[in-house]
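Here is the structure we will look at.
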Amino acid sequence: MSKLRITVVLTVVALAAFAGIASASHSWGGYHWARTANPFTLKVGDNVTSAWDGILATTSSDWTASSVLDTTIVAGGAGNVRRCRATDGRVEVCNSTYGNTGWLGIASINITSGSHITSGTVKLNDTYFNTSQYNSTAWRNLVSCQEVGHTLGLDHQDENFSNPNLGTCMDYTNNPSTNQHPNSHDYQQLVTIYSHLDSFTTVKAIQRQLNNMPPAMRDIDFEGPGQWGKLISVSRDGRQTVFEQDFGRGYKVITHVFWAFDVRQPQN
């Protein structure tokens, strides 16, 4: 009997003002890597160019400061960086000029058994990072840190654009100067997320059930609404939307999109 596999994709865009107040909990749906002991080590595949190598090293160091996990950078295995395919048991980080999509970065996690992360991917969009507005260490640190944070099971601490910076990369802001790294609340939340142990691990390569996974799901690249499926919710300000792509037999893709201020939102 095949296990239920759900792919959840969280897309984060930082093209408009975002700042905030910390929430009591910012776990993303209870999603987490299965493991039998803490701290565990998560491999991060380096599929980025030299412009991002130092940024990725900072991101890895930041999240390794957690008491429950370590990250280690390894050679990338995503293949074509525009597709940035997932590898079981690790996170692949890619950068490319993905185009005027409206997003700076996309983070995706594949889930099995309801809540266990089996792989993750991060896309960083150089179409915007090559512009004077976003070509800075601060912007790159913010987005890289936030997207990798999502693949660990973290959501945003705050999404209210009118609030002051919280001093964490898991906070929306229009001024990333003080939001480039995790803060103590992020590390506390990771301790909470990983407080229980599992009887098995997903932090290693596992055999994909390719015969059961729909081919369309293997080929999806999450770059735009044509791949995201049905719109299922829109935030009050229209800057956040959630889509669902249902492939049947329990296979789904859920996509959370944060739009640029000048991008018109799809409506139900």
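Summary of computed values
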item	result
Within region 130-183, considering residues that are acidic (Asp, Glu) and more than 20 Å from Ser50 (Cα to Cα), the one modelled with the lowest pLDDT	Glu159
Boolean, Thr59 is outside any strand (DSSP E or B) and crowded, with 24+ Cβ neighbours inside 10 Å	yes
Number of the exception - Val81 against (1) in contact with an Asp or Glu (Cβ under 8 Å, 6 or more places away or on another chain); (2) open to solvent by 20 Å² or more (accessible area, probe 1.4 Å); (3) outside any strand (DSSP E or B)	(1)
Complete set of residues in region 62-88 that are closer than 20 Å to Leu142 by Cα and small (Gly, Ala, Ser)	Ala65, Ser66
Count of residues meeting criterion [assigned to a helix (DSSP H, G or I) and more than 17 Å from the chain's Cα centre (by Cα)] in region 20-56	4
Count of residues meeting criterion [in contact with a His (Cβ under 8 Å, 6 or more places away or on another chain), of a type outside the set (A, V, I, L, M, F, W, C) and surrounded by 22 or more Cβ atoms within 10 Å (Cβ to Cβ)] in region 155-178	5
Among (1) modelled with pLDDT under 90; (2) farther than 16 Å from Ser96 by Cα - the single one Ile106 does not satisfy	(2)
Search result, residues across region 84-100 that are within 18 Å of Val203 (Cα to Cα), in a loop (DSSP other than H, G, I, E, B) and in contact (Cβ under 8 Å) with a residue 60 or more places away in the chain	Thr87, Asp88, Gly89
Residues satisfying the stated conditions in region 155-174, i.e. in a loop (DSSP other than H, G, I, E, B), closer than 17 Å to Tyr187 by Cβ and not small (Gly, Ala, Ser)	Asp155, His156, Gln157, Leu166, Thr168, Cys169, Met170
Val91 under 13 Å from the mean Cα position of the chain (by Cα) and at pLDDT 95 or above	no
Sole residue being over 20 Å from Val191 (Cα atoms) and aliphatic (A, V, I, L, M), chosen from Ile117, Ile106	Ile106
Qualifying residue in region 142-154 (condition: buried (at least 21 other Cβ atoms within 10 Å of the Cβ) and more than 28 Å from Gln188 (Cβ to Cβ))	no
Residue ID - farthest from Val203 (Cα to Cα), chosen from residues in region 101-119 that are in a loop (DSSP other than H, G, I, E, B) and of a type in the set (Gly, Ala, Ser)	Gly102
Pair list, Cβ under 7 Å, 6 or more apart: region 38-50 residue free of Cβ contacts under 8 Å to residues at least 40 places away in the same chain, other residue among the charged types (D, E, K, R)	Pro39/Asp70
Search result, residues across region 94-135 that are among the small types (Gly, Ala, Ser), more than 18 Å from the chain's Cα centre (by Cα) and over 30 Å from Arg35 (Cβ atoms)	Gly99, Ser132
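The values are calculated or read from the model by the stated rules, or taken from the named source; none is laboratory data. Nothing here was measured: the structure is a model prediction, and the numbers come from that model. Because the Cβ atoms are built from the backbone with ideal geometry, glycine has one as well, and the counts that use them run over all protein chains shown. Side chains included, ligands, DNA and RNA excluded: accessible areas come from the protein's heavy atoms. Shrake-Rupley method; radii C 1.70, N 1.55, O 1.52, S 1.80 Å.
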